[in-house]
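**Student:** My questions will all concern the structure given below.
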Amino acid sequence: MVSPLHAKLGRDLWGMKGQALAIMVVIGIGVALQVMMSGFVASLTQTRDAYYDRTNFADIFTSVVRAPESSVADLASYPGVSSVATRLSSPGLIHVASRDLPVSAQFLSLPVDQQRSLNEVLLTSGRLPAPGQSQEILVLDSFATAQGLSPGDRLDVTLHGARRWLDIVGTAQSPEFIYFSAPGELIPDDARFGAIWMARPALAAALDLRGSFNEVLLKTTRDANLQAIQDHVDRTLSRFGTLGSYDRSEHPSNKFLSEEIAGLEVTSRNVPPIFMLVAAFLLYIVTSRMIQSEREEIGLMKAFGFTNREVSTHYLQLVLVIALAGAVLGCILGIVLGRLLVPIYVLYYKLPFLLFRLEYASFVTGVLTSVIVATLGGALVLRRIFGLTPADAMRPPAPPDYSRAGAVGRGVIGHFDQPTRMVLRRLFRQPWRMIGATVGIAAGMALSLAMLIIYEGFDEALDRTFNVIDRSDATVSFAGALSVQAMFNLQNLDNVTRVEPVRHAPVTFRNGHLEYSGQITGLAPDARLFRALDENAAAITMPARGVILSVPVAEILRVGVGDPVQIDFRGGAQISTVTRVAGIAESLLGAPAYMDLGALNRLMQEPDRITGAYLAITDGQESQVHKRLKDMPAIAGVSLRLEAERGFKDIMDQGAGSSRFVMGIMAFAITFGIIYNAARVARAERARDLASLRVMGFYRGETAFVLLGELAAVTLAALPLGMAIGTGLSRLIAAGFSTDLYQIPVVFAPKAQGTAILIVVGAALVSGWLVKRDLDADDMVASLKTRE
């Protein structure tokens, strides 16, 4: 048999089903974000680790100019080294008939006799090259898909300055190419970079490296000292022209994937709790006002003999049902969204598999947060009411004293008509209730505004990177460091209007125990096609001494202008030097550092060397220039600014950055839910008063104005507060989205503010229309009766 309180609980939930559903949705959105973000962190982390273990991914990597196989024994015997593998590697070009420009490629050797080795490839189609067949190759699966290639096709390539045809016999994936880009670029494009695996004897013959290697991979034991092993590797291979060893954390593919995971971890810690707090505040406001409105019902239940514990349990059950239902809805929604977004991550991170894994701690966190907030919200209100006797509780509360409003207030209000005066009196006579509603709507607007500012920030990052910092038409990357004379060959090309040299040098920055591995970009003093910018977006002139660090690097190293920083060059002569930080540059893409080109070459003791150039090309003549560049064997790759811009936009709109759209939709839903709940609560509180106005002869429109005028006033008061909170909130969300790949600026965005205002006003109009529709359908006699 159902108890009376349980029957009342069912009737109350059905009577407020619309309002309860809106609260459930708001709570569910906060929980869904927690589940989705935490799930992606767990999924990517576990998938990465399983993939690395399956393919025996190396822990330390080293490149040399040319080293004999006999030098491997010394490396394998060092403490902490469990296995060593050598291989051959070389940049090359792939000539695609449909493109004017060549496609960059990385040629790698396969183990002899297909033996177990490090960094194994996973065959996705076809077969491995047959022994003795020097023209057979494997092609990176993503490149083959982008170019429409399959086993049986032929490739026209340039390798070690020689052009040849190779036969594709299979496609493969590799842990080295989970996230990859063409030389000199940060943005991945499957169609513009390909990895090619050949039998080692065939590649050794092509590179003239028989009996030698130019890359070595090491696997270490769990307790190994990686830095000590790297130092030993560098010492052992120094006489063979080592370019410096680095561990797995600095491997480009692993670094970008790990940074994505780290960024998701930050986002999952910072962003969902913000949504949860707003939902919690809304739940508190709604439940507290609902309980206060049932003061007489509480007194009646106590008069019939129900104890304080029984009555409090009844109301706590009401809010807990709403909170738990919202949390369950959020858990389901989080799972669905996570699975829907998995293909996006597979598209940009070339993992052989990715299953959305549930992080059960996020379920516990979401449910517990909802329950705790709901319990506290109800308990705070019930504590004040349960102290009353049944007789006192059944009486309406004593009206507050408004005699101190003064003649000024009465004089101002007296200029308005009766319905307007009723609205103003409620606003001024119940200020805390109105402030609570205002803060709630402002919080919802702040979420919407923050996400709109983030959208503007993504657009600003795109525009500043590819239209202010980089103003070139094409970037040419050489196969190595060449004489500055190579720049003059580019200047002599028809329709090339300007050429600016650049040198990229891999380095490790150190400040005490802090370090960061990246590269220094050497720019000409009068650079105009590619520039370093300060915080005001003004070009920085390269100083004769010192290094310009971008904000992310300076923050990692905890240095400022004038501070010393150690620079260890990872290529060539392995030079280490100390210089001063000459400036801080704003960078929204990557974490670069800059130096004067001449100063960089002097530090490296390699004067007049460059690794690439920026080109400005006459409009409409790009195709002719591209064809000429295609025939230059020294060029390892050509990057087009417009293509890079499109690729970056795709990453932000369709890749990992697309989660901001999901969060934006959720923010807009929360905004509507808050405003709609405020309107419904106000209607529930004033149902008897509004019915009395109808009985006294007020028209429907006048009665609705009394209710909706209050909503309008509260909404208008929330707009400036929402803009202030939203601007601050956007900084927290931007920090969650920013990674070493890109940083999202918080910009002054009038468009975003205007859109946020329109969202709030639109939500208020829709909510007002829904409430007015219900108000017009109300039974005046039923509304005037006391609920039992």
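The values are calculated or read from the model by the stated rules, or taken from the named source; none is laboratory data. Please read all numbers here as calculations on a predicted model, not as lab measurements. Cβ coordinates were reconstructed from backbone atoms using ideal geometry, including for glycine residues, and neighbour counts include every protein chain displayed.
**Student:** Please go through the stretch 233-254 and give me each residue that is assigned to a helix (DSSP H, G or I), touching a residue at least 24 places away in the same chain (Cβ under 8 Å) and not aromatic (Phe, Trp, Tyr), ordered by number.
**Tutor:** Initially, the stretch 233-254 is screened for residues assigned to a helix (DSSP H, G or I), giving 233-240, 248-250, 252-254.
Then drop every residue that is not touching a residue at least 24 places away in the same chain (Cβ under 8 Å), which leaves 233-234, 236-238, 240, 248, 250, 252-254.
Val233, Asp234, Thr236, Leu237, Ser238, Arg248, Glu250, Pro252, Ser253, Asn254, listed by residue number.
**Student:** Name the residue, out of Asp74, Asp49, that is without any contact (Cβ under 8 Å) to a residue 40 or more places away in the chain, surrounded by fewer than 21 Cβ atoms within 10 Å (Cβ to Cβ) and of a type in the set (D, E, K, R).
**Tutor:** Asp49
**Student:** Among the residues of the stretch 605-621, is any touching a residue at least 24 places away in the same chain (Cβ under 8 Å), outside any loop (DSSP other than H, G, I, E, B), surrounded by fewer than 20 Cβ atoms within 10 Å (Cβ to Cβ) and among the hydroxyl-bearing types (Ser, Thr, Tyr)? Spell out the reasoning first.
**Tutor:** Of the stretch 605-621, the ones touching a residue at least 24 places away in the same chain (Cβ under 8 Å) are 605-606, 608-618, 621.
Next, only the ones that are outside any loop (DSSP other than H, G, I, E, B) stay: 609-617.
When the remaining residues are screened for being surrounded by fewer than 20 Cβ atoms within 10 Å (Cβ to Cβ), the result is 616.
Within this subset, residues satisfying the condition of being among the hydroxyl-bearing types (Ser, Thr, Tyr) are none.
No: zero hits.
**Student:** I would also like to ask the following. Is it true that some residue in the stretch 164-173 is polar (S, T, N, Q) and closer than 22 Å to Asp650 by Cβ? Explain how you work it out, then say what you get.
**Tutor:** Start the filter on the stretch 164-173 by keeping residues that are polar (S, T, N, Q), which leaves 171, 173.
Restricting the remaining residues to those that are closer than 22 Å to Asp650 by Cβ gives 173.
Within the stretch 164-173, one or more residues are polar (S, T, N, Q) and closer than 22 Å to Asp650 by Cβ.
**Student:** Next up: Can you tell me which residue in the stretch 79-99 is farthest from Ala206 (Cα to Cα), limited to those that are buried (at least 17 other Cβ atoms within 10 Å of the Cβ) and touching a His at 6+ places or on another chain (Cβ under 9 Å)?
**Tutor:** Val81
**Student:** If you don't mind, another one. Filter the stretch 515-538 down to the residues that are at pLDDT below 90 and not in a loop (DSSP other than H, G, I, E, B) and list them by number.
**Tutor:** Glu515, Tyr516, Ser517, Gly518, Gln519, Leu533
**Student:** Can you name the residue in the stretch 130-159 that is in a helix (DSSP H, G or I) and either out of contact with any helix residue (DSSP H, G or I) (no Cβ under 8 Å at 6 or more places or on another chain) or acidic (Asp, Glu) (or both) and, of all such residues, is nearest to Ile94 (Cα to Cα)? Full working, then the answer.
**Tutor:** Taking the stretch 130-159 and keeping what is in a helix (DSSP H, G or I), we get 141-147.
Right, trim to either out of contact with any helix residue (DSSP H, G or I) (no Cβ under 8 Å at 6 or more places or on another chain) or acidic (Asp, Glu) (or both) and you get 141, 144.
Values: Asp141: 15, Ala144: 12 Å.
Going through the qualifying residues, I end up with Ala144.
**Student:** Okay, moving on. Out of curiosity, is Pro201 farther than 30 Å from Gly518 by Cα and assigned to a helix (DSSP H, G or I)?
**Tutor:** Details: farther than 30 Å from Gly518 by Cα: yes; assigned to a helix (DSSP H, G or I): yes.
Yes: the conditions hold for Pro201.
**Student:** Restricting to the stretch 558-590, name every residue that is part of a strand (DSSP E or B) and either within 13 Å of Pro543 (Cβ to Cβ) or basic (Lys, Arg) (or both).
**Tutor:** Narrowing the stretch 558-590 to residues part of a strand (DSSP E or B): 564-569, 576-586, 589.
Within the stretch 558-590, Thr579, Arg580, Val581, Ala582, Gly583, Ile584, Ala585 meet the criteria.
**Student:** Give Thr287, Thr307 a once-over and let me know the one that is of a type in the set (Ser, Thr, Tyr), more than 16 Å from Asp12 (Cα to Cα) and either surrounded by fewer than 19 Cβ atoms within 10 Å (Cβ to Cβ) or modelled with pLDDT under 75 (or both).
**Tutor:** Numbers: Thr287 fails: more than 16 Å from Asp12 (Cα to Cα).
That would be Thr307, the only listed residue that is of a type in the set (Ser, Thr, Tyr), more than 16 Å from Asp12 (Cα to Cα) and either surrounded by fewer than 19 Cβ atoms within 10 Å (Cβ to Cβ) or modelled with pLDDT under 75 (or both).
**Student:** A further question follows. Yes or no: Leu186 under 27 Å from Asp650 (Cβ atoms), within 34 Å of the chain's Cα centre (by Cα), part of a helix (DSSP H, G or I) and modelled with pLDDT under 85?
**Tutor:** Working: under 27 Å from Asp650 (Cβ atoms): yes; within 34 Å of the chain's Cα centre (by Cα): yes; part of a helix (DSSP H, G or I): no; modelled with pLDDT under 85: yes.
No: the conditions fail for Leu186.
**Student:** Hey, another quick one. In this structure, does Ala538 turn out to be within 30 Å of the chain's Cα centre (by Cα), without any contact (Cβ under 8 Å) to a residue 24 or more places away in the chain and within 26 Å of Val476 (Cα to Cα)? I'd like the intermediate steps shown before the answer.
**Tutor:** Values: within 30 Å of the chain's Cα centre (by Cα): yes; without any contact (Cβ under 8 Å) to a residue 24 or more places away in the chain: yes; within 26 Å of Val476 (Cα to Cα): yes.
Judged against the criteria, Ala538 is a match.
**Student:** Residues being hydrophobic (A, V, I, L, M, F, W, C) and either more than 20 Å from Gly590 (Cα to Cα) or free of Cβ contacts under 8 Å to residues at least 24 places away in the same chain (or both): count how many of those fall in the stretch 460-496.
**Tutor:** Taking the stretch 460-496 and keeping what is hydrophobic (A, V, I, L, M, F, W, C), we get 461-462, 466, 468-469, 474, 476, 478-479, 481-482, 484, 486-488, 490, 493, 496.
In the following step, the residues that additionally are either more than 20 Å from Gly590 (Cα to Cα) or free of Cβ contacts under 8 Å to residues at least 24 places away in the same chain (or both) were identified as 478-479, 481-482, 484, 486-488, 490, 493, 496.
Selection size over the stretch 460-496: 11.
**Student:** Within the stretch 100-134, which residues are over 24 Å from Asn56 (Cα atoms) and surrounded by fewer than 15 Cβ atoms within 10 Å (Cβ to Cβ)?
**Tutor:** Keep residues of the stretch 100-134 that are over 24 Å from Asn56 (Cα atoms), which gives 100-104, 132-134.
Passing the criteria: Gly132, Gln133.
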